[in-house]
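Let me begin by presenting the structure, written as structure tokens, before commenting on it.
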Amino acid sequence: MWVLLRGGNPLRIFLPQRGEWMGRRGLPRGLAPGPPRRRYRKKALPALEIPVLPVTVTEIRQYLRGRGIPFQNGHSCLRTPSPFVESSQLKDQTAVTTSFSLYIDKTTGRFLCMTSLAEGSWEDFQASVEGGGDGASEGLLLSKAPEVEDSEEVRRIWNRAVPLSELPDPEEVQLAYTMFGLTNITDDTLKRFSVRYLRPARSLVFPWFSPGGSGLRGLKLLQAKCQGDGVSYEETTIPQPSAYHNLFGLPLISRRDAEVVLTSRELDSLALNQSTGLPTLTLPQGTSCLPPALLPYLEQFRRIVFWLGDDLRSWEAAKLFARKLNPKRCSLVRPGDQQPRPLEALNRGLNLSRILRTALPAWHKSIVSFRQLREEVLGELSNVEQAAGLPWSRFPDLNRILKGHRKGELTVFTGLPPHPALFHPDAGPTGSGKTTFISEYALDLCSQGVNTLWGSFEISNVRLARVMLTQFAERRLEDQLDKYDHWADRFEDLPLYFMTFHGQQGIRTVVDTMQHAVYVYDICHVVIDNLQFMMGHEQLSTDRIAAQDYIVGVFRKFATDNNCHVTLVIHPRKEDDDKELQTASIFGSAKASQEADNVLILQDRKLVTGPGKRYLQVSKNRFDGDVGIFPLEFNKSSLTFSTPPKNKTRLKKIKDEAGPVAKKPSSGKKGATPQKSESCSGKAPILDQPDTSKPSK
């Protein structure tokens, strides 16, 4: 048995009798269902004490002109001579000083020097320029090798891995080619990309070389395991994914190359390069994120083609990434039966060059005819389930009504404060039922890879993270502190980010932070809890309704422009205790309900047949018009909601002008008599009826 140590602690163990490595980090441990699992790192976005606008490209240009620094305009970056060349060991200093080797991101101001590998923020660049570059660059220079701890691990794995063609057992070679789908990939292609095979872990090893191929900086391991009749894959990167910025195939790119194809998997790059001869690069985090730190490496290309996958999620990611790289130079390969991912297309004998010629431009000035929409409409009709959005795993009844979570939509969520007896004290302050539910609602999607940004203005991020961690683990961790590290490590891998605002904030500051998060972290879902904390900063009018209408309109525009789903929590107006909440109960509901694609109401009233229970009402669904309600149960120990077992509580369909669910008439009051109808057999109890609520005058 071999043991690798880090700081005296066991990192992983190799068991010869099982022929595999075991450990939390590093090499894969077992089989994972579905696509390759990826790890993520969350960071808190800094709060702005004083609303300060981010640096703009105009300010960057003015600063460079004021300092007499020449610059060239690029697609997503500005190019300037680097002040860090004196710190690098170069043979021809004259050639470097006259070249434009430093790239400044137009959106964030972050820079990268291709020559010295120095990088930093816009403030770091200003400090280095004003300080003359002496000593300032020492803290900014990137190491040409990974961290010491990871460096030893990288070298150990890389030295043990061998090319597939050099394996001694022909049957093992054939098995590896079959499991990874490489039967049509030649040995020359694998050698050209320096792909190796690690026998103990049965994994392909993809290297990360420094620019110019000067040193090995990291590795990605792809393990394949049989699962039933198919094969599943698991990815592991060294160093961790947040620091793994490898464009696989970059050492093979020539300065003369003007066109490149971007893929989401290394195997697809191998197939494309072999079949077409075109330069290919692989994004380090697939379809989940395109780090801005990689944009300078893509500046030289006049045309970029995205061929990320064969589903609508890949198509949406390609359109999002194209916005970062300047859509005018980007083209997208539309997923379809005759246009699968590159490796599958090669194995099916399709012409990859012909598929690339059908790539659609990512930008057009205006839509003048149906012809420009024809292919996208066909894509949605051919993939109805994917077009409906990502389904929730914890709320099957919500899937039955809303069908799924879709990008570019605005969801308005409201509800009455819960009864204190229903909630655990750790769920937050009294009346936080909406926050407790919406945190699990968002956690469900985040656990499936939806990059999520939380803006909690009412409770602290520590309290919110504590609730979400409890929901994630589905247990009381305060009673099992020995398991905290295990669940915290898994929770930390989620693509979850937090805005550090607390209390009242201006809408412009919040939207600027959201815009930054979408650009840097490719955020797909933003949760704002809640709208009322932004109304005090708006001086548009003394009318609070007008201020709220303006804020709702801003979030609506943000969701549409950035193709990002926004969930907005709004408190309801005060209603009588014996009345159910309706769409008209939302404060300032005329604008909010009109702009929203979905309206969700957390009700806390007695059902028609049964004791007092909570239930969720979908009162608006713009996607296909389905509305309805379903009951919820609260688990105090895990702070989670769940749908009760089928047929445990049966709701009766009713018609009542007063609200979506009529209550039994109380003594001394007149009430409408509910009309009964049979519910669907074999399905969870749901009350479906059209949205007849009207906004209050």
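The values are calculated or read from the model by the stated rules, or taken from the named source; none is laboratory data. Source: prediction; values computed, not measured. Note: ideal-geometry Cβ built from the backbone for every residue, glycine included; neighbour counts use all protein chains shown. These accessible areas exclude ligands, DNA and RNA; they are computed on the full protein's heavy atoms, side chains included. Shrake-Rupley method; radii C 1.70, N 1.55, O 1.52, S 1.80 Å.
Computed across the stretch 444-544, the Kirkwood hydrodynamic radius from all distinct Cα-Cα pairs reaches 15.1 Å. Ligands, DNA and RNA aside, ILE545 has an accessible area near 60 Å² when probed at 1.4 Å. FRET efficiency for the pair ARG155 and GLU344, taken as 1/(1 + (r/R0)^6) with r the Cβ-Cβ distance and R0 = 30 Å, rounds to 0.30.
Taking 0.36 nm per residue of separation and subtracting the current Cα-Cα distance, fully stretching the chain between GLU474 and THR560 would add 27.5 nm. Figure note: LYS328, LYS620, LYS636 ranked by solvent-accessible area, largest first, 1.4 Å probe, ligands and nucleic acids not counted: LYS328, LYS636, LYS620. With the whole protein complex present, HIS245 retains an accessible surface near 60 Å², based on a 1.4 Å probe.
With a cut-off of 11 Å between beta carbons, the residues surrounding ALA258 carry a summed charge of +3, where Lys and Arg count +1 and Asp and Glu -1. The local environment of LEU352, defined by Cβ-Cβ distances under 11 Å, has a net charge of +2 under the rule Lys, Arg +1 and Asp, Glu -1. Residue order by solvent-accessible surface for TYR63, TYR441 is TYR63, TYR441, largest first, with ligands and nucleic acids left out and a 1.4 Å probe.
HIS502 contributes about 110 Å² of solvent-accessible surface, heavy atoms of the protein only, 1.4 Å probe.
Applying 1/(1 + (r/R0)^6) with R0 = 35 Å to the Cβ-Cβ distance of GLU123 and VAL231 gives a FRET efficiency near 0.15.
Using 27 Å as the Cα-Cα cut-off, could you pick out the over-long pairs in LYS434/LYS591; LYS328/LYS407; LYS407/LYS636; LYS319/LYS591? Violating the 27 Å limit, Cα to Cα: LYS407/LYS636; LYS319/LYS591. With protein chains left intact and a 1.4 Å probe, residues in the stretch 169-325 average 35 Å² of accessible area per residue.
The ellipsoid that matches the Cα gyration tensor of the stretch 274-350 has semi-axes, each √(5λ) in whole angstrom, of 21, 15, 11, with the longest given first. Take the Cβ atoms of LEU278 and SER382, set R0 to 35 Å, and the FRET efficiency comes out at 0.85.
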